[in-house]
Amino acid sequence: MEGPRPVGPVVMASNHVSWLDPIVVGSLTLCVPISKLDVSAWPIVGGFARDLGVLFVDRGDARSGFRVVRGAARALDDGLAVLNFPEGTTTRGDRVLPFRAGLFALARSSGAPVVPVAVSYDPPELAWVGEDAFLPHYLRLAGSIRARATVRFGDAILPRGDQSAAELAAAARARVEELLYGGADAASAA
């Protein structure tokens, strides 16, 4: 772990590399993760996630999105951090996709700081993307001699009144890229 550990009502905006991401970040700081609804039905992982209070969103259902935003607002009101993966899907860790504005509007309206989070794995093959089958990935992880996750927390970004949710999302994405690839390399890695 690198950087200041987030505490209290913040919106954490992380790149998304694997189903492991919320487990890894959640082991470092108390938070309420947001996940796609499909994960709730996964063997072992789904039950674990439900028990931990993960907010599940059905991406095709606007009402589900509203319920998740209300749940995230309640978590912030209760003094908890909300963990968001605004790329909306996983990558192999070789790039950071554009961030969706969704929860950044909540950060703006609530005044909650946005904490950029960068997650990476060694070996990089621990990345898991949607077209990969879960069980072979899990078995590869369980059978690996070594596996290391690195989590870098950036300094909080305070929402400004003149800043749109999309602008706040873009600023958080740029900070995540800096955490992953360094200042000068961030532009070339995008």
Scope the stretch 159-185; condition open to solvent by less than 60 Å² (accessible area, probe 1.4 Å), assigned to a helix (DSSP H, G or I) and modelled with pLDDT under 95; matching residues: Tyr181
Flag if Ser188 is at pLDDT 95 or above, open to solvent by 20 Å² or more (accessible area, probe 1.4 Å) and among the hydroxyl-bearing types (Ser, Thr, Tyr): no
Long-range neighbours under 8 Å by Cβ, at least six apart or interchain, first residue at positive phi within the stretch 6-32, second modelled with pLDDT of 95 or more: Gly8/Gly79; Gly8/Leu80; Gly8/Ala81
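The values are calculated or read from the model by the stated rules, or taken from the named source; none is laboratory data. As the structure is a computational prediction, the values presented were derived from the model and not from experiment. Glycine gets a Cβ as well: all are built from the backbone with ideal geometry, and neighbour counts include every protein chain shown. Calculation scope for accessible area: heavy atoms of the full protein, side chains included, ligands and nucleic acids excluded. Shrake-Rupley method; radii C 1.70, N 1.55, O 1.52, S 1.80 Å.
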